[in-house]
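Take a look at the structure set out below.
FYI, it's all coordinate maths here, none of it is from the lab. Keep in mind that what you see is a predicted model, and the values were worked out from it rather than measured. Cβ: placed from backbone, ideal geometry, glycine included. Neighbour counts: every protein chain shown.
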Amino acid sequence: MSKSIICNDKVCWVCGTIYNLHCHHTMYGVRNRKKADKDGLFVWLCQEHHEGIYGVHGMCGHELDIQLKRVSEQAWLDHYGKTVEEFIERYGKNYI
């Protein structure tokens with residue numbers, strides 16, 4: 001796993017706790033997880049913000065998931081100096 005280009009510290013990206021952290025790949029799925037790992041598109045999330053009701057994988061977590069995808073896309077564009085079209089080519093969709 002490479003270093004995250006989204007955050008520097010190993011704390012929950014949402015609430016800042018240092019307890020019960022999970023690594024969350026912001027671009028996931030069979031085709032995208034390895035690319036996200038290589039590109040540094042992951043953040044640390046606590047159990048609640050990862051798998052809880054309002055977590056990215058929870059019943060009410062869609063808004064947080066999309067917010068993380070937007071932040072990730074912008075970080076990728078800035079960090080790698082690429083275009084939106086190149087992001088779409090790599091990850092299949094634009095979130096900004």
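With the simple model of a label 7 Å out from the Cα in the direction of the Cβ, Y19 to K82 spans 3.8 nm. Between G61, G52, G29, where does the largest GNM mean-square fluctuation fall for the chain, given springs only between Cα atoms within less than 10 Å? Largest GNM mean-square fluctuation: G29.
With the simple spin-label model, which puts each label point 7 Å out from Cα in the Cβ direction, the K35 to S2 separation comes to 1.3 nm.
R0 = 22 Å: FRET efficiency of E63 with N94, Cβ-based, nearest 0.05? It would help to have the intermediate numbers written out before the result.
Working: r = 18 Å, r/R0 = 0.80.
Computed FRET efficiency for E63 and N94: 0.80.
A Gaussian network model of the chain, with springs between Cα atoms under 10 Å, assigns the largest mean-square fluctuation among G55, G40, G16 to G16. In a DSSP loop and with at most 16 other Cβ atoms within 10 Å, the trypsin sites (Lys or Arg not before Pro) in the range 1-75 are K3, K10, R31.
Remark: the range 21-28, residue by residue, has Karplus-estimated 3J(HN,Hα) of 8, 10, 7, 10, 7, 6, 10, 10 Hz, where x stands for each Gly or Pro and the curve is 6.51 cos²θ - 1.76 cosθ + 1.60 at θ = phi - 60°. Residues whose amide H lies under 5 Å from that of T26, counting only those 5 or more places away or on a different chain, are F42, V43; hydrogens are built 1.01 Å from N in the peptide plane. Stokes-Einstein diffusion for the chain, with the hydrodynamic radius set to the Kirkwood value over Cα pairs and evaluated at 37 °C in a medium of 0.692 mPa s, equals 245 µm²/s.
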